[in-house]
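The values are calculated or read from the model by the stated rules, or taken from the named source; none is laboratory data. The model shown is predicted, which means the values in this text are computed figures rather than measured ones. Counting neighbours? That spans all protein chains shown, and the Cβs are built from the backbone with ideal geometry, glycine included. SASA here: full protein model, heavy atoms, side chains in, ligands and nucleic acids out. Shrake-Rupley method; radii C 1.70, N 1.55, O 1.52, S 1.80 Å.
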Amino acid sequence: MAWLAAGEGYEITLEDGRVVARRAGGRQLKTLPKALRDSPEADRLRQLAEWLDRHAASCVAQVDAWMVSSLPVPTELIVRVWPDEAWQAALRDMAVVGDDPDETGFLRDVTGDGELKVVDLDGETVRLSPRTVTLPHPVLLPDLDDVRDFAADLGITQKVEQIHRATWTRPDGPDGPDAGRPETEVRDYAGGKFASRFGLAARATSLGYRVSGGYATCKVRDGGSSTEASVWIGEPYWDGESETGALSWHDEDGRAVRLTEVGPVAWSEGMRMAAALYAGRTIEKGGEA
């Protein structure tokens with residue numbers, strides 16, 4: 001940002017989200033002078049910093065939503081938002097897929113002609129200009145371990161957790177890990193004890209999940225339809241100890257979905273939510289971590 005006149009011979013600007021000052025045309029000062037701390041100019045910059053933080057968070061949330069739902073995103077939209085540093089930070093290095101499923105690579109830049117510069121899985125930089133691209137959920141990527149190794153070799157870092165996102169695959173078969181389970185419930189992460197229902201609900205909210213009634217929920221678009229995963233966390237007004245309950249999935253009409261019919265992304269995201277809630281449980285002294 002440019003330096004702005006703030007009176008009394010000072011100029012101010014934002015640096016790493018905080019207001020800094022200097023004498024007009026001089027060196028930057030180590031601290032903000034007392035005369036400027038409550039000035040209207042400094043206050044406006046603080047408000048701008050807060051807005052920029054909210055904007056950056058909303059960009060990350062939107063890209064995460066595209067990825068979790070594997071929704072096609074118009075290439076033109078990516079091109080238009082790319083000059084915005086917050087959007088760029090959220091999108092750069094995301095794995096994208098073009099019209100051809102084999103057109104998979106990491107988004108590195110956007111050209112002046114509106115093409116996407118992507119490093120493909122052979123290490124080649126290619127230009128893509130499909131009408132839409134998909135930011136795939138990692139559970140949908142074939143050879144995910146190899147993709148992760150390749151990303152590490154490239155030094156890929158993602159603002160939105162995609163490649164290194166924890167994933168779960170639904171087990172199949174009557175003799176598999178899900179043998180004997182109820183047809184619509186998973187209890188792998190049930191029984192995690194918390195000092196209060198409020199604490200458990202607060203953990204769910206802090207992780208980005210919605211709390212509705214007695215459940216923590218997350219909605220996923222999987223295979224063209226929406227599925228909501230939910231974990232029981234206790235009655236809303238209960239003020240005593242609480243614990244995590246079973247994980248289940250419901251369709252758009254609120255009907256329970258059989259485990260064998262839960263899509264791969266919905267399964268993975270539901271299990272991820274249940275595991276994240278369970279990880280915050282109270283561990284008794286001498287108990288298993």
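Of the residues making up the stretch 4-46, those that are under 22 Å from Glu85 (Cβ atoms), at pLDDT 85 or above and in a loop (DSSP other than H, G, I, E, B) number 0. Could you tell me whether Trp66 is at pLDDT below 95, of a type in the set (Phe, Trp, Tyr) and assigned to a helix (DSSP H, G or I)? Yes: the conditions hold for Trp66. Sub-6 Å Cβ pairs linking a first residue in the stretch 220-231 that is under 15 Å from Pro136 (Cβ atoms) to a second residue that is in a strand (DSSP E or B), at least 6 apart or interchain, are Val220/Thr227, ordered by first then second residue.
For the stretch 121-148, a residue qualifies if it is in contact (Cβ under 8 Å) with a residue 24 or more places away in the chain and within 18 Å of the chain's Cα centre (by Cα), and the qualifying residues are Thr134, Leu135, Pro136, His137, Pro138, Val139, Leu140, Leu141.
Quick one: which of Leu52, Leu29, Leu4 is within 30 Å of Ala95 (Cα to Cα) and open to solvent by 40 Å² or more (accessible area, probe 1.4 Å)?
Going through Leu52, Leu29, Leu4 in turn, just one is within 30 Å of Ala95 (Cα to Cα) and open to solvent by 40 Å² or more (accessible area, probe 1.4 Å): Leu52.
No other residue among Asp253, Asp239 is open to solvent by 10 Å² or more (accessible area, probe 1.4 Å) and either part of a strand (DSSP E or B) or without any contact (Cβ under 8 Å) to a residue 12 or more places away in the chain (or both) apart from Asp253. Note on the stretch 191-238: residues that are acidic (Asp, Glu) and closer than 12 Å to Gly280 by Cβ amount to 0.
Inside the stretch 74-120, counting only strands (runs of 3 or more DSSP E) that do not spill past its ends, which hold 1 or more residues that are open to solvent by 40 Å² or more (accessible area, probe 1.4 Å)?
Hits in the stretch 74-120: 104-110, 116-120.
Picking from residues in the stretch 121-151 that are part of a strand (DSSP E or B) and of a type in the set (A, V, I, L, M, F, W, C), the one that is surrounded by the fewest Cβ atoms within 10 Å (Cβ to Cβ) is Val126. Pull up the stretch 183-207, narrow it to residues that are assigned to a loop (DSSP other than H, G, I, E, B) and under 19 Å from Gly263 (Cβ atoms), then point me to the one that is modelled with the lowest pLDDT. The qualifying residue modelled with the lowest pLDDT is Glu183.
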